[in-house]
Amino acid sequence: MNKKLIKEVKRSFKSQFKTDSLIVFSPGRINLIGEHTDYNDGFAFPAAINKGIALAISKSDSNVSKACALNKNEIYEFNTENIKALEDGGWRNYVLGVVAELQMLGKHVGNFNSVFAGNIPGGAGMSSSAALENSFAYGLNELFELGLSKHEMILVSQKAEHNFAGVKCGIMDQYASMFGIKNSALLLDCRTVESQPYKIDFKDYKLMLINSNVKHDLSESAYNNRREVCEKVSELLQIDALRDASKEELDGIIGDISVVDYQKALYVINENNRVQQFSEAIKKDDIEALGDLLYQSHEGLRKNYKVSCDELDFLVDRAKENPHVIGSRMMGGGFGGCTISLVKKNEFKKFKKEVSKKFRAAFEKDCSVYSVKLSQGTQVVK
Ligand code: GLA
């Protein structure tokens, strides 16, 4: 499928700009567990997937740069001097953001032409934005020989998201997209920004992603708000981040914070512990424990962290009713997007059919079901 995508951008680039291009593929990501822990310096368990963004890019002699979003059939022409975020700029802000953040590092980015296309379902919470940022960071780094390491590139991508898209995201998405390893998930320490790969084999089970196909409006402001709460509680606890807190310590300041802030901080502490338990359960092939941790994670995201929504809760509840689904939770920032579930391989089709039918009956719209392969991170395609 990606071959087709790569061919498309290559061909379109050639027909528009009459030269060859450098091709970069940058994947989206899933996250097994560890949600909203990354900006708390905690642990997460993401993996790059076999869907992503293909970018064709080359230097240009003209005094403007061009970016073409093939899926949308939109071209944007811009000057690399005095870059500012656009109001409602959509995908343009990610491109501009990466260029601007490279310049902030004192790097000289010359003019370029580019065409990109993707096959990550939009709004699914599989980080099409991180894939896009990384593709440009990587492509520009190669093209203009900027000499950045992958670690430096993901910080550029993250800052583009902060300063040009206005989302104060953690590092998980950009990390997973850049550093993904085939057939593996990465136990990521978001403080050191280092990870340990775990080969993933869920035996009789396999991962199912169900996209609710909704993205509720408040997601960005609510995301930034959650981060603020975590920072406020950390400050009260006089620690750098909630990663350093225990439930006992949090209980010590219970009188100084609101009940809802307490619940949110407690969620982060518990979720962070769950990531560790999850990695232990993988080592022991304890599929039941894995599933149970997924359900616990969802419960916390729904009731304490309050980032779920009716559609996601509905999907997780249907999963719970089915004995062949061993665990399920919402994935990513929340307020829409996907759930991730562990489903018995030989019951996959049946559950897919059943849950799709029930979803349609309840919400009068369709959900979409995907299976994904865990794949390599951002790379140049020869
Ligand atoms: C979004 C952000 C990530 C992370 C997740 C929640 O995907 O971009 O940094 O915080 O939400 O785990």
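The GluC sites (Glu not before Pro) of the stretch 80-151 that meet both conditions, a loop assignment by DSSP and at most 12 other Cβ atoms within 10 Å of the site Cβ, are GLU81, GLU87, GLU145.
By its C-alpha gyration tensor, with a ≥ b ≥ c as the square roots of the eigenvalues, how is the stretch 2-134 shaped: rounded for a/c under 1.5, else prolate for a/b larger than b/c, else oblate? Cα axes put the stretch 2-134 in the oblate bin. Across q = 0.08, 0.11, 0.16 Å⁻¹, the stretch 205-371 modelled as identical point scatterers on its alpha-carbon atoms has Debye log10 I(q)/I(0) values of -0.27, -0.50, -0.94, in the order of the q list.
Could you tell me whether the stretch 144-249 comes out rounded, prolate or oblate from its Cα gyration tensor? Rule is a ≥ b ≥ c as square roots of the eigenvalues, rounded for a/c under 1.5, then prolate if a/b exceeds b/c, otherwise oblate.
Values: a/c = 1.32, a/b = 1.18, b/c = 1.11.
Cα axes put the stretch 144-249 in the rounded bin.
Axis angle, to the nearest 10 degrees, between helix 287-299 and the longest C-alpha principal axis of the chain: 80 degrees.
Only bridges with both residues in the chain count here: give the DSSP antiparallel percent, nearest 5. Antiparallel: roughly 90 percent of the beta bridges in the chain. Taken about its Cα centre, the chain carries a charge dipole of roughly 2060 debye when the Cβ of each Lys and Arg holds +1 and the Cβ of each Asp and Glu holds -1.
Over the chain, give the accessible area per residue in Å² for a 1.4 Å probe, as an integer.
Numbers: 16660 Å² over 382 residues.
So the chain comes to 44 Å² accessible per residue, rounded to a whole number.
Of MET330, PHE17, ASN304, which is farthest on the positive side of the dipole of the chain, counting Cα position, with +1 on Lys and Arg Cβ, -1 on Asp and Glu Cβ, and the Cα centre as origin? Among MET330, PHE17, ASN304, the one farthest towards the positive end of the dipole of the chain is PHE17. A 1.4 Å probe, protein heavy atoms only, puts the accessible area of LYS352 near 90 Å².
When the trypsin sites (Lys or Arg not before Pro) in the stretch 181-238 are filtered for DSSP coil states and for at most 14 other beta-carbon atoms within 10 Å of their beta-carbon, the remaining sites are LYS182, LYS203. Placing dummy labels 7 Å off each Cα toward the beta-carbon, the span from GLU74 to GLU231 is 2.9 nm.
Shape annotation for the chain: C-alpha extents along the principal axes are 59, 51, 39 Å, from largest to smallest.
Only Lys, Arg, Asp and Glu carry charge here, each on its Cβ (+1 for the first two, -1 for the last two); on that basis the stretch 175-269 has a dipole of about 620 debye about its Cα centre.
Looking only at the stretch 68-103, which residues have a backbone nitrogen under 13 Å from a spot 7 Å from the Cα of GLN16 in the C-beta direction? Output list for this probe position: 68-78, 92. When the residues ASP240, ASP310, ASP292 are ordered by accessible surface, computed with a 1.4 Å probe over the protein chains alone, the sequence from largest down reads ASP240, ASP310, ASP292. The GluC sites (Glu not before Pro) of the stretch 280-375 that meet both conditions, a loop assignment by DSSP and at most 15 other Cβ atoms within 10 Å of the site Cβ, are GLU364.
Dipole magnitude for the stretch 97-168: about 140 debye, using +1 per Lys or Arg Cβ and -1 per Asp or Glu Cβ, origin at the Cα centre. Computed from Cα positions, the angle between helix 219-237 and the longest principal axis of the chain comes to roughly 60 degrees. Computed over protein heavy atoms with a 1.4 Å probe, the carbon and sulfur contribution to the accessible area of the chain reaches 46%.
Given the pairs LYS199/LYS320; LYS215/LYS358; LYS10/LYS353; LYS72/LYS306; LYS350/LYS373; LYS350/LYS382, which span a C-alpha to C-alpha distance of over 31 angstrom in this model? Please list the in-between numbers first.
Details: LYS199/LYS320 26 Å; LYS215/LYS358 20 Å; LYS10/LYS353 37 Å; LYS72/LYS306 33 Å; LYS350/LYS373 20 Å; LYS350/LYS382 40 Å.
Listed pairs above 31 Å: LYS10/LYS353; LYS72/LYS306; LYS350/LYS382.
To the nearest ten degrees, helix 259-283 and the longest principal axis of the Cα atoms of the chain are 80 degrees apart.
Computing FRET efficiency as 1/(1 + (r/R0)^6) for VAL64 and HIS162, where r is the C-beta to C-beta distance and R0 is 35 Å, gives about 0.85.
The values are calculated or read from the model by the stated rules, or taken from the named source; none is laboratory data. These figures come from a predicted structure and were not determined experimentally. Quick reminder, even Gly has a Cβ in these numbers, built from the backbone with ideal geometry, and neighbours come from all protein chains shown. When the accessible area is computed, the model is the full protein with side chains, heavy atoms only, and any ligands, DNA or RNA have been set aside. Shrake-Rupley method; radii C 1.70, N 1.55, O 1.52, S 1.80 Å.
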